[in-house]
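Asks: Below you will find the structure I want to go over with you.
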Amino acid sequence: MTKFDNIKTTKLLSIAADAKTIKGQKKGYLTGILYLAPATQAGVGDMCPKRSKGCTDSCLYTAGRAVMFSSINQARIRKTREFMNHRQEFMQALVRDIYRLKRKAKREGLTPVVRLNGTSDVSWERIKFVPENGVEKTTLAELFPNIQFYGYTKNPLRFKRLPDNWHLTFSRSESNDDAVRQVLEQGHNVAVVFNKLPNTWQGKPVVNGDETDLRFLDPSGVVVGLKAKGDAKADSSGFVVQANL
Ligand code: SF4
């Protein structure tokens, strides 16, 4: 089987595969998430250009080293290599998978939504490709104007010229305070990992981001509080904010 044959049959999106997105179903949404290998783990470039040391350590430990030899991790590495080495075919396979998500959501009476950076920070909204049976280059947002795309990013430049159906929440790290201020001033939301959730942070109300993954439903101008999990609990880089409660 060639790489291209392989990608034709590969399911790229995980659908309702984790506890957080399953909670979203109770609110009427079916989430498809794409998990790539974070940072430089796949050896084909950096999937998170604005990552910090603290987030990388915490992410790689949870998503990487702990499951280094598992089939899940191998699949993420393979998808990442296909994305970097066979971009056109990868995007066409992703389109087929979004149609699959739409069909499944319709059968179940749910609204399909897509999160492409489960464990990466790629500027998907800027990627142009030629769809199957198409001739002109397009983007995912143009091809699926009725699908809500969403996710987190540490790249403040992604907020410029965002398509209407693309929602981003900025993600704080121990080394991007200036960008946090700038993004909050622009009225976007910022996700912060805390030891314990406070009521406010930097003068903004804190909402509990662990209740669902549906960030596009959050009101504007809030801080999305996430509780430190796994290895992040032992963070000493400043990535986890120690809230004084
Ligand atoms: S930017 Fe996000 S996905 Fe990338 S290493 Fe940091 S936490 Fe993980």
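Asks: What is the sum of charges around Ser220, taking Lys and Arg as +1, Asp and Glu as -1, for the other residues whose C-beta is under 14 Å from the C-beta of Ser220? Intermediate values should be presented prior to the final figure.
Replies: Working: positive: Lys204, Arg215; negative: Glu185, Asp218.
Summing Lys/Arg as +1 and Asp/Glu as -1 gives 0.
Asks: Which lysines have a Cα less than 23 Å from the Cα of Lys26, not counting those fewer than 8 places away in the same chain?
Replies: Straight-distance partners of Lys26: Lys102, Lys104, Lys106, Lys227.
Asks: Would you calculate the volume per residue, in Å³, of the smallest convex hull containing every Cα atom of segment 158-216?
Replies: Details: hull volume 5.6 nm³, N = 59.
Cα-based convex hull of segment 158-216, divided per residue, equals 95 Å³.
Asks: Let me ask something else about it. What's the extension gain from Ile15 to Ser123 if we count 0.36 nm per residue and subtract their Cα-Cα distance?
Replies: Full extension from Ile15 to Ser123 adds 36.8 nm.
Asks: Would you mind checking Lys50/Lys233; Lys11/Lys50; Lys137/Lys204 for any pair whose Cα atoms are more than 31 angstrom apart?
Replies: Correct reply: Lys137/Lys204.
Asks: Let me ask something else. Between the DSSP loop rule and a limit of at most 12 other Cβ atoms within 10 Å, which GluC sites (Glu not before Pro) in segment 128-176 are left?
Replies: Details: sites: Glu132, Glu136, Glu142, Glu174; in loops: Glu132, Glu136, Glu174.
When the GluC sites (Glu not before Pro) of segment 128-176 are filtered for loop state and at most 12 Cβ neighbours within 10 Å, Glu132, Glu136 remain.
Asks: Using DSSP to define loop residues, name the trypsin sites (Lys or Arg not before Pro) in segment 63-162 whose beta-carbon has at most 14 other beta-carbon atoms within 10 Å.
Replies: On the way: sites: Arg65, Arg76, Arg78, Lys79, Arg81, Arg87, Arg96, Arg100, Lys102, Arg103, Lys104, Lys106, Arg107, Arg115, Arg126, Lys128, Lys137, Lys154, Arg158, Lys160, Arg161; in loops: Lys128, Lys137, Lys154, Lys160, Arg161.
Counting only loop positions with at most 14 other Cβ atoms within 10 Å, the trypsin sites (Lys or Arg not before Pro) in segment 63-162 are Lys128, Lys137, Lys160, Arg161.
Asks: Per residue, how big is the convex hull around the C-alpha atoms of the chain? Give it to me in cubic angstrom, could you? Intermediate values should be presented prior to the final figure.
Replies: Numbers: hull volume 31.9 nm³, N = 245.
Dividing the Cα hull volume of the chain by its residue count gives 130 Å³.
Asks: Pull up all non-local amide H partners of Leu30: gap of 5 or more, or a different chain, and H-to-H distance under 5 Å with H placed in the peptide plane.
Replies: The answer is Thr111, Val113.
Asks: Where the only charges are on Cβ atoms (+1 Lys, Arg; -1 Asp, Glu), what is the dipole of the chain about its Cα centre, to the nearest 20 debye?
Replies: On the way: 39 positive and 24 negative charges, 110 e Å.
Computed about the Cα centre, the dipole is about 540 debye.
Each reported figure results from applying straightforward, stated rules to the coordinates on display, with no laboratory input. Everything numeric here is computed off the predicted structure, so don't read it as measured data. Cβ atoms come from the backbone with ideal geometry, glycine included; neighbour counts cover every protein chain shown.
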